[in-house]
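Peer 1: A single structure is presented below for examination.
The values are calculated or read from the model by the stated rules, or taken from the named source; none is laboratory data. Source: prediction; values computed, not measured. For neighbour counting, all protein chains shown are included, and Cβ atoms are generated from backbone atoms with ideal geometry for every residue, glycine included.
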Amino acid sequence: MNKVDIEEAQPHHDHNNSGFKHWYYRHKVLVLVVGVGLGVLIGVGIILAIVFSVVDKDSNTTTLATTLTTLFTTVSSTTTSTTTTSRTTTSSSTPTTPQTSTLSSSTITPLDKQSRIDCVPWLKLQNDTQALIRECANYDYCTYNSVDNNKEVPSCYYEPKKLSFEIVSNETTELGFVYNIQRRNSQSLYKNLRVSFEFLDDYALRFKIVSPSVSEYEVPIHINKPNIKAKDPKYDVQIDQTNFNFKIIRKSTGTVLWDTSLGPIIFEELHKQISTKLPSENVYGFGENRHESFRHDLNYQNWPIWGRDEAPENHEKGNLYANQPFYTCMEDDGKSHGVALVNSNALDYEFIPAPGLVYRATGGILDFYVFLGPEPENVIQQFTEYFGRTFFPPYWALGFQISRYGYLNLDDMKQVLDRFDANGIPLDTQVADIDHFDRRLDFTIDQQNWTGLPEYFDYLHSRGMKTVLLLDPALVVNETNYWPYETGRQKDIFIKWPPGQSPDFAETGSDIMLGYCWPPAKVAYPDFMKKTTQDWWVESIMRHHTKLKFDGLWIDMNEPAVFGTNDERPFNWPEESRPYWSLKCPDDKYEKVKTKSSYLYGETTKLSQKTLCMVGLQGETNQYKHYDVHNLYGYYESIPTFEAAKKINNKDRGFVITRSTFLGGGQYGGHWTGDNHSLWRHLYYSIIGMLEFNLFGISYVGADICGFWLNTTDEMCARWSSLGAFYPFSRNHNNEFNIHQDPGALSNDVVRSARNALKIRYEILPFYYTLFYKSHTKGNTVIRPLFHEYPHDRTSFPIDKQFLVGPAFLVTPVIDEGKTSVTGYFPADNWYDYYDGKLVSSNQNNGTWLELNAPIDYIPLHIRGGYIIPTQDWALTTEKSRQNPFGLIIAPNADGEAQGDLFYDDGYTDVKKNKFYYATISLRESRIKFNVEENNYDEMANLVLNKIRLFVKASSSQNIKFILNNEVLDSSKIEFKGDEILFKNLNIKMTESFELEWTTESYVVNTASLTETPVIDCLQDEQNCTVKGCVYNANSVVVPKCTIPSDKGGYKVSKAEGAGSDYELVKADSLSLFGKDIVNVNVKVQHGNIGNGQRFTRVKVI
């Protein structure tokens, strides 16, 4: 550790350093004597401990060694059994008799400002010191001690030892072990807890805390857990036997990934809490929130998770639509791990400077999964292996989409398409929002303003385009002959009040819980946790599809959103329509629970604000309260929606985009980041959200390009169009109160920016598609931060204004107003400009910051050395681009090597059916190899590879020979462009493997029309040819212009091994091309065809 590290590692004390030094120098003799005395005592103690432990190693009697070792920390990463000589149990299998050892690192100074855990976080926003003091006094396990001039540091905080647990017993299980613990001096119903550890695989661990005496709600989602214990776990679990706490330790490095000694474990009916020290400050993930940086700020930042219909700009540190209690952490040595909490109740997560993390959940159990990586991409692969891989979007879904909430009518929608056509901007999909509905009722069409919508959708299909339809879950209850509600009521599919509590029973004749949303009447909400509901939803979608041929589904408002809950009236309830009405929820313990998801919005705000009442009943037997499963609403709606999306066109792969998600939700659909604003900072936030959802296993993600709320500007929309062209889900969408913001509705700057960027997107779609294949089958991210590829480059850890598409395509957007340049970071590697192949950075030891020019219609793009990007000529739709020739972009690394691959199929078949095409591509030793590994997609036989961009500096004067499949490549197919070589018009069938290599070696060409004597290249220009004794023929085309005379030859064969393969040559005469000729050489000879009956012989010096 260097000096800086040592200083940074010191705790922040309140004493004055100069005063401490003064005291020390006055008493240094005393300090020395005391220090020596303690040293001797400790040394003797250790010796005695060793002696006694050896003598009594088989005894269960407490010895002097047992007493002495309680003074010291003992950490083992390999112990698999336990004895009574330590108070710490370290286990990678099953403990028997627990070890003991005091965990000295677990001691937290109560006044340490970096490590306080807030006892009353709900009072932090009130700024009322006296109320805080009074409330703190109500908890005998909390301490009040304010910190001057720092409102972030809690003044009322936990004393960890006042809420300690002791171990009652432990036992082994098939997957690990269990500790039964009891809270000291407690009469709580929850004083006894059961803590289990499951060694799931070598890189995954589960720990779970439940009450053995009270049945608690557990999240009902499927997790792909193994049922066999890990054979070689890469982690240890260490138990503190004195005051129950535990550590999870990475074996290979000793890094402590989790350490619960930071604060107390609290387990009550409506308050579950656990905290952990963090191994570094590099923490990412959790959501959905409007984070202002990708790497978390750990200065007492508290965030809520609770699905809420809330625009990101509305509240600082508020909760948004999705629910993702998963984070990753970059350890100081470049390794990474991730942790998921499987809890769907309202919860808060708070970071503290220690560094540490606090969880506060309002119900359920504490159920954690830890993934050890160690590479950042490994963590996401492991997480998605358990919770579900991302869905594989159909190919068309990677094309650009245009949408708007607020089309006046069908003609308004058609004019948008006209503007795309007029400006030559690629577009694959038009989206119909709720304005096409009759009075915003699901499964209807407004017959006044949207007559002809089915025919228009048919027209779009005839152009090779697709359509997406929006659906909200809220269904009107008092509409005559409204079949969605009538059929749903008959099948009993709606969320209900508990029996006898419905205030609307007289109106509905049932316990259905009513709310208010977009339609102009009361609505009911389907309970998608019921199989009957899921089947009904699929049937309803299929029924509507018979009238309107849409291709994909967008499900919105599924937190679920309810307007005006507990208010006098919803905001959109007609003011003149009396009596006013809104959903009113009871004043019970569930509504008043202390969580930031409610108190952020007001001291008396109920948890049900903007949603259903917490007492709502859900599940097959109404066994769940909405209080517990609210955060699963969008997750469960996605399941049948995804099934319906696959059925509507009889395709294996459907398209669904959803606003609310939960852990594992990526297997059923993608996500957009909600109702953002047309503000410059939201360009930046969109990158953060995109990176975060890739961590969550939802790699098909994007933001509303140019913003949803407010009017965009030309400059903003131009920059956002350039950035948004590289979102996995690329869609321009905005609100009814704002101007049209499709590119053609704005300035030429916006048109050029959108067109330029989308042309590139469509060109590299095979690269995106291959990445999605890997995301779907292996769990990789599609969009990733730089540190995922450069985990040992600490400079990359906070970077969130750039991102990588896959491992190799670097995007550096302009996200600030008025800028025509942007600064980007290039980690140690070769980096090439996408546009011209120029090598812009080649430092192999350190990263480099570069300022990049970026005019308004340009976005800086770079390709990492060592990678090959598959491409396909762009077109206005993916249907058309899929018929175009392929290409390759090859960017060599410092060793002149590169690799890549290509996955391709019909765009919608399940990959498990093995009806796909897969090829690997490599560059090594001046040779490009294209190997077809799988060739089960029939249409690939009709496609060719026409173009290769090779990023190397070269010129025609270097006399480089290019050989394609043993035939010299015609010079008309080669273009030297300074920083790259372009191979064009290659016309190579995609179903055939090929090799393209190059050399500056001599060539021998057989040409019977000229001479029977081999013609040998003299490798000289016109001026030097005759000087060297060679013959120059300016009219020569097939053979070199400068050749060695037939009566002279530099070498003759002295020994031949095999027919036309290996030779030993000896210099034949005095003719010398370069001087100092080697007398004896070994060569390899290769023969091949040029064409038209002509052959060549390649001579290669070994």
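Peer 1: Out of curiosity, is GLN802 polar (S, T, N, Q) and more than 19 Å from HIS788 (Cα to Cα)?
Peer 2: Judged against the criteria, GLN802 is not a match.
Peer 1: Could I ask something else about it? Considering only segment 976-991, how many residues are closer than 24 Å to ALA919 by Cβ and among the acidic types (Asp, Glu)?
Peer 2: 1
Peer 1: Would you confirm, using the coordinates I've provided, whether LYS530 is over 14 Å from ALA561 (Cβ atoms), in contact with a Gly (Cβ under 9 Å, 6 or more places away or on another chain) and without any contact (Cβ under 8 Å) to a residue 60 or more places away in the chain?
Peer 2: No, not satisfied.
Peer 1: Of all residues being of a type in the set (S, T, N, Q) and buried (at least 20 other Cβ atoms within 10 Å of the Cβ) in segment 738-795, which is nearest to LEU723 (Cα to Cα)? Just the residue, please.
Peer 2: SER753
Peer 1: State the number of residues belonging to segment 542-568 that are in contact with a strand residue (DSSP E or B) (Cβ under 7 Å, 6 or more places away or on another chain) and outside any loop (DSSP other than H, G, I, E, B).
Peer 2: 4
Peer 1: Six or more apart or on different chains, Cβ under 6 Å: which pairs go from a residue in segment 661-689 that's under 24 Å from TYR633 (Cβ atoms) and in contact (Cβ under 8 Å) with a residue 24 or more places away in the chain to one that's among the polar types (S, T, N, Q) and part of a loop (DSSP other than H, G, I, E, B)? Could you list them?
Peer 2: PHE662/ASN323; GLY666/THR390; HIS671/THR661; GLY689/THR673
Peer 1: Identify, from the list LEU410, LEU372, LEU427, the residue that is outside the structural domain of GLY707 (by TED's automatic domain parsing), of a type in the set (A, V, I, L, M) and in contact with a Phe, Trp or Tyr (Cβ under 9 Å, 6 or more places away or on another chain).
Peer 2: After applying the criteria, what remains is LEU372.
Peer 1: Looking at segment 564-595 only, could you name the residues that are of a type in the set (S, T, N, Q) and at pLDDT 95 or above?
Peer 2: THR565, ASN566, ASN572, SER582, THR595
Peer 1: If TRP573 meets every condition in (1) in contact (Cβ under 8 Å) with a residue 40 or more places away in the chain; (2) crowded, with 20+ Cβ neighbours inside 10 Å apart from one, which number is that one?
Peer 2: The number of the failed condition is (2).
Peer 1: A follow-up question, please. Assuming VAL237 fulfils every condition listed in (1) farther than 30 Å from SER336 by Cβ; (2) touching a Ser or Thr at 6+ places or on another chain (Cβ under 6 Å); (3) among the hydrophobic types (A, V, I, L, M, F, W, C) apart from one, which condition is it?
Peer 2: Only one criterion in (1) farther than 30 Å from SER336 by Cβ; (2) touching a Ser or Thr at 6+ places or on another chain (Cβ under 6 Å); (3) among the hydrophobic types (A, V, I, L, M, F, W, C) is unmet by VAL237, namely (1).
Peer 1: Same structure again: Restricting attention to strands (runs of 3 or more DSSP E) lying wholly within segment 355-469, give those where 1 or more residues are within 30 Å of ASP118 (Cβ to Cβ).
Peer 2: 356-361, 366-371
Peer 1: Continuing with this model, one more query. Could you tell me how many of the residues in segment 307-320 are more than 27 Å from SER796 (Cα to Cα) and surrounded by fewer than 24 Cβ atoms within 10 Å (Cβ to Cβ)?
Peer 2: 7
Peer 1: Are there strands (runs of 3 or more DSSP E) fully within segment 799-857 with at least 2 residues that are surrounded by fewer than 19 Cβ atoms within 10 Å (Cβ to Cβ), at pLDDT 95 or above and in contact with a Ser or Thr (Cβ under 8 Å, 6 or more places away or on another chain)? List them.
Peer 2: 848-853
Peer 1: A further question on this structure: Please go through (1) of a type in the set (Lys, Arg); (2) in a loop (DSSP other than H, G, I, E, B); (3) over 17 Å from VAL370 (Cα atoms) for ARG194 and return the number of the only condition it doesn't satisfy.
Peer 2: The single condition ARG194 does not satisfy is (2).
Peer 1: Collect the residues in segment 384-438 that are among the charged types (D, E, K, R) and under 13 Å from MET465 (Cβ atoms), keeping them in residue-number order.
Peer 2: LYS414, ASP421, ASP428 - these are the residues of segment 384-438 that are among the charged types (D, E, K, R) and under 13 Å from MET465 (Cβ atoms).
Peer 1: Test ILE698 against the stated conditions and say whether it is of a type in the set (A, V, I, L, M, F, W, C), part of a strand (DSSP E or B), surrounded by 24 or more Cβ atoms within 10 Å (Cβ to Cβ) and on the phi < 0 side of the Ramachandran plot.
Peer 2: no
Peer 1: Give me the helices (runs of 4 or more DSSP H) completely within segment 579-659, filtered to those with at least 1 residues that are farther than 30 Å from VAL911 by Cα, ordered by residue number.
Peer 2: Qualifying helices (runs of 4 or more DSSP H): 596-599, 626-629.
Peer 1: Here is a list of conditions, (1) among the polar types (S, T, N, Q); (2) buried (at least 16 other Cβ atoms within 10 Å of the Cβ); (3) modelled with pLDDT under 95, and SER211 meets all of them except one; can you say which number that is?
Peer 2: (3)
Peer 1: Further, regarding this structure: Scan segment 405-413 and tell me whether some residue there is touching a strand residue (DSSP E or B) at 6+ places or on another chain (Cβ under 6 Å), surrounded by 21 or more Cβ atoms within 10 Å (Cβ to Cβ) and of a type in the set (A, V, I, L, M).
Peer 2: No: zero hits.
Peer 1: In segment 566-601, how many are in contact with a Gly (Cβ under 7 Å, 6 or more places away or on another chain) and more than 28 Å from TRP450 (Cα to Cα)?
Peer 2: Of the residues in that region, 3 qualify.
Peer 1: Another question about this same structure. Considering each of LEU163, LEU205 in turn, give the residue that is surrounded by 13 or more Cβ atoms within 10 Å (Cβ to Cβ) and within 18 Å of ASP367 (Cβ to Cβ).
Peer 2: Just a single option satisfies the conditions, and that option is LEU205.
Peer 1: Does segment 321-332 contain any residue that is outside the structural domain of THR658 (by TED's automatic domain parsing), in contact with a Lys or Arg (Cβ under 7 Å, 6 or more places away or on another chain), surrounded by 23 or more Cβ atoms within 10 Å (Cβ to Cβ) and more than 26 Å from ILE209 (Cβ to Cβ)?
Peer 2: Within segment 321-332, one or more residues are outside the structural domain of THR658 (by TED's automatic domain parsing), in contact with a Lys or Arg (Cβ under 7 Å, 6 or more places away or on another chain), surrounded by 23 or more Cβ atoms within 10 Å (Cβ to Cβ) and more than 26 Å from ILE209 (Cβ to Cβ).
Peer 1: Would you point out which residue out of ASN650, ASN694 is over 30 Å from ALA346 (Cα atoms) and not assigned by TED's automatic domain parsing to the domain that holds PRO376?
Peer 2: ASN650 is the lone residue from the list that is over 30 Å from ALA346 (Cα atoms) and not assigned by TED's automatic domain parsing to the domain that holds PRO376.
Peer 1: With (1) at pLDDT below 90; (2) not assigned by TED's automatic domain parsing to the domain that holds ILE274 as the list, and LEU189 as the residue in question, which single condition is left unmet?
Peer 2: (2)
Peer 1: Out of TYR141, TYR157, which single residue is surrounded by 21 or more Cβ atoms within 10 Å (Cβ to Cβ), more than 30 Å from LEU372 (Cα to Cα) and at pLDDT 90 or above?
Peer 2: Answer to the check: TYR157.
Residue-by-condition table, conditions (1) without any contact (Cβ under 8 Å) to a residue 40 or more places away in the chain; (2) buried (at least 23 other Cβ atoms within 10 Å of the Cβ); (3) at positive phi; (4) among the polar types (S, T, N, Q):
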| site | (1), (2), (3), (4) |
| --- | --- |
| VAL339 | no, yes, no, no |
| THR362 | no, yes, no, yes |
| TYR369 | no, yes, no, no |
| LEU372 | no, yes, no, no |
| GLU375 | no, no, no, no |
| ASN378 | no, no, no, yes |
| PHE383 | no, yes, no, no |
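Peer 1: Do you know which of the residues in segment 475-490 that are aromatic (Phe, Trp, Tyr) and more than 18 Å from ASN558 (Cβ to Cβ) is surrounded by the most Cβ atoms within 10 Å (Cβ to Cβ)?
Peer 2: Among them, the one singled out is TYR482.
Peer 1: In segment 160-179, which residue that is more than 37 Å from the chain's Cα centre (by Cα) and free of Cβ contacts under 8 Å to residues at least 60 places away in the same chain is nearest to LEU205 (Cα to Cα)?
Peer 2: If we take residues in segment 160-179 being more than 37 Å from the chain's Cα centre (by Cα) and free of Cβ contacts under 8 Å to residues at least 60 places away in the same chain, then GLU171 is nearest to LEU205 (Cα to Cα).
Peer 1: Of all residues being modelled with pLDDT under 95 and polar (S, T, N, Q) in segment 610-657, which is surrounded by the most Cβ atoms within 10 Å (Cβ to Cβ)? Just the residue, please.
Peer 2: The extreme case among them is ASN649.
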